Amino acid sequence: MRIHAIAMVALGLGFQGASLAADEVERPELIRVSTVRIANYGTPSTVVTDRAQVKAVVDELRQLRSRAWRRANPKLSCYATLALLSGTKTVTLFRIRPELVVERPPQKGQSSYSLEIGLDDLQGIGALLARLQPPKGCQ
C-alpha cells in the first residue's frame, strides 16, 4: 500500500512537470524573426523586412515578455496587429491597444496571454503604428 502511495505521488509530480513543460512550449521563442507584418484595426497591413527595424520590434516585445503576463484572451476592438514571421511561417501574433497587449498563438488550442501596459512601454512599435493609416471606425 505504501509503495502504491509513493508511486501515485511520483506520477502526480511527473504530470505537474509535464504541465509546466507544456506551458513553456506554448509561447514560442522570439528567434529567427525575419519579418513583421503590422496594421492598425481595419487597415491594410505593412510588411517590415528591414533587419534593424525587425530587431527593434522583437527586442521591445522581448522586454515586455519578461514581465508577469496572465493567461487571458480578452475581447478587443480597435487594436493593432503585429504578426512576427520566420520566412512565411507565423511565429506569434500580438494585438495591441494603448493599455493592453495580447499575445495569441498562431495554432488553435493554445492559450493567449495579456499584459497591461503604459504609454512608454511600446515607443518603437507605437512610432511604427503612427506612420500607418489610422484605425477605421475607432474613436
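Inspect all residues belonging to region 54-72 and state whether any of them is open to solvent by 70 Å² or more (accessible area, probe 1.4 Å) and either acidic (Asp, Glu) or assigned to a strand (DSSP E or B) (or both). Show your work before the answer.
Keep residues of region 54-72 that are open to solvent by 70 Å² or more (accessible area, probe 1.4 Å), which gives 55, 62-63, 66-68, 70-71.
From the residues that got through so far, the ones that are either acidic (Asp, Glu) or assigned to a strand (DSSP E or B) (or both) too are 70-71.
Scanning region 54-72, I find at least one residue that is open to solvent by 70 Å² or more (accessible area, probe 1.4 Å) and either acidic (Asp, Glu) or assigned to a strand (DSSP E or B) (or both), so the answer is yes.
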Restricting attention to region 83-138, the residues that are of a type in the set (A, V, I, L, M), exposed (fewer than 14 other Cβ atoms within 10 Å of the Cβ) and more than 18 Å from Arg62 (Cβ to Cβ) number exactly 2
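Would you check if Ser86 is closer than 18 Å to Pro135 by Cα and either touching a residue at least 12 places away in the same chain (Cβ under 8 Å) or touching a Gly at 6+ places or on another chain (Cβ under 8 Å) (or both)?
On the way: closer than 18 Å to Pro135 by Cα: no; either touching a residue at least 12 places away in the same chain (Cβ under 8 Å) or touching a Gly at 6+ places or on another chain (Cβ under 8 Å) (or both): yes.
In short, no.
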Please enumerate the residues belonging to region 83-139 that are more than 19 Å from Ser66 (Cβ to Cβ), assigned to a strand (DSSP E or B) and of a type in the set (Gly, Ala, Ser).
Ala83, Ser86
Within region 20-31, can one find any residue that is basic (Lys, Arg), open to solvent by 40 Å² or more (accessible area, probe 1.4 Å) and at pLDDT 90 or above?
no
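Going through region 42-53 one residue at a time, which ones are touching a strand residue (DSSP E or B) at 6+ places or on another chain (Cβ under 8 Å) and open to solvent by 80 Å² or more (accessible area, probe 1.4 Å)?
Quick first cut of region 42-53, residues touching a strand residue (DSSP E or B) at 6+ places or on another chain (Cβ under 8 Å) only: 45-49, 53.
Scanning region 42-53 gives Val47, Thr49.
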What's the number of the only condition in (1) under 26 Å from Pro134 (Cα atoms); (2) of a type in the set (Phe, Trp, Tyr); (3) at pLDDT 95 or above that Tyr79 fails to meet?
(3)
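Just one of Arg95, Arg71 is within 20 Å of Pro28 (Cβ to Cβ), touching a residue at least 12 places away in the same chain (Cβ under 8 Å) and in contact with a Lys or Arg (Cβ under 9 Å, 6 or more places away or on another chain); which is it? Steps first, please.
Numbers: Arg71 fails: in contact with a Lys or Arg (Cβ under 9 Å, 6 or more places away or on another chain).
Result: Arg95 is the single residue among Arg95, Arg71 that is within 20 Å of Pro28 (Cβ to Cβ), touching a residue at least 12 places away in the same chain (Cβ under 8 Å) and in contact with a Lys or Arg (Cβ under 9 Å, 6 or more places away or on another chain).
The values are calculated or read from the model by the stated rules, or taken from the named source; none is laboratory data. Bear in mind that the values here come from a model prediction, so they are computed numbers and not experimental data. All Cβ positions, glycine included, derive from the backbone under ideal geometry; neighbour counts span all protein chains shown. Accessible surface areas use protein heavy atoms only, side chains included; no ligands, DNA or RNA. Shrake-Rupley method; radii C 1.70, N 1.55, O 1.52, S 1.80 Å.
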